[in-house]
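Read the structure below first, then the notes.
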Ligand code: FES
């Protein structure tokens, strides 16, 4: 029986992005069986996989953590109960596979005896051949597939996989992280409110698998909900692989307006005139938004500004903004943040490659979209074209770090848009098949939107930032 792997697990095992594997499936290099990949086929395509290199297993995850400049989390081990449950699940699977193997071994033995007895009576040459074939049957030698399976078993002990029924979105839960935190960190827009067990907005039904409460809650589920397997995602972790029925925001309209106070964590000036602001909400508050959307910031000494968030919504309580002419702010100042607004967001249903084009500080929402696309890991490749005067690419180091770390990310630093179409055409063959995101002054994004449309990019794949 072939060993089948989900696309997410297969990508993790060979150290490539999920988007890359999906592209190989689309190109016909890899076949799927009911959405799963056969381990043997995977190894044929990636023979260089270093099966015993544990570091490689964590490579993509580590890159995401560091490239987002987020707090690098300790690799937290699952607790003893979770580990025991995962080992038990693997033990049950091993016992089942052993039972099947022993059944076939017995059947072969029986067949061999039967053929032997027939051979002694009939002595036909065909029977002798069949006997030889049966004698030649030996257990396969240890090979790379066994290595892959061993690695898969380790992965299954360390992290449980969650699949959302309906959208088919997948993510991994490590340690005793909650379902909500793990899902958000993977770029999913799961429904939630308070994020600490008070509001009940993160309810989800466990269709299969086992979850476990990791925090006390102030919200009480009804007996009916409990009987149906409903859990609060912000208070439960996955013990085994799990399938959930959970609500996700796939459009901007379903996210309601919110308002929260956020403290200034840091104010930096990465380039002359551009300020980067890092805000953090209180431990029990998290603003829900989609990458690319904007907020209104009300400053402590008066005045307000509408700015797009420059970070991924998966980055917990942290909010980042970049702008020229920000008023003077001190560490620990409190800024009131309200929103979100806007429809400049990733196309949730697309698995196409993506071209991001930023004009100067248009980089802010583009950075959020890139981080979101990296967290989702479904685009086969990402190209960033950033147009700004010489020396004004204020986060050049970050863009270069992404390029160095991620095979599927390509950065193009431009000082003018004069040759933009030519550069895009030369850098991205078949760019008409990509999603294109444009951010900058409204007149500029509209003009380039038209240019790309005239050059073959369907209007449904063109997304231009519209600042109010
Ligand atoms: S988000 Fe409020 S209870 Fe989970």
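Quick note: the coordinates plus some simple rules give every number you see, no bench work behind them. Since this is a predicted model, take the numbers as computed values, not measurements. When we count neighbours, we look across all protein chains shown, and the Cβ atoms used for this are built from the backbone with ideal geometry, even at glycine.
For the chain, the longest principal axis of the alpha carbon atoms and the long axis of helix 363-376 meet at an angle near 10°. The length gained on full extension between residue 117 and residue 443, counted as 0.36 nm times the residue separation minus their Cα-Cα distance, comes to 108.5 nm. Our helix-only sum for the chain, with -39,500 (n - 2.57) per DSSP H run of n ≥ 4 divided by its residues, gives a mean residue ellipticity at 222 nm of -11000 deg cm²/dmol. In the chain, the longest principal axis of the Cα atoms and the axis of helix 144-158 are about 50 degrees apart. Would you mind getting me the FRET efficiency between residue 149 and residue 245? Use the beta-carbon distance for r and R0 = 25 Å, nearest 0.05. Calculated value: 0.25. Axis of helix 442-454 versus longest Cα principal axis of the chain: the two differ by about 40°, to the nearest ten degrees. Spin-label model, residue 108 to residue 224: label points 7 Å out along the Cα-to-beta-carbon direction sit 5.6 nm apart.
For the modelled label position 7 Å from the Cα of residue 253 along Cα-to-Cβ, which residues of segment 167-209 have backbone nitrogen atoms closer than 20 Å? The answer is 167, 189-192. Residue separation of residue 25 and residue 421 scaled by 0.36 nm, minus their Cα-Cα distance, works out to 139.6 nm of gained length.
Ordering 345, 255 by the number of other Cβ atoms within 10 Å of each residue's own Cβ, fewest first, gives 255, 345.
By definition, a body whose alpha carbon gyration tensor gives a ≥ b ≥ c is rounded when a/c is under 1.5, and segment 160-252 falls into this rounded group.
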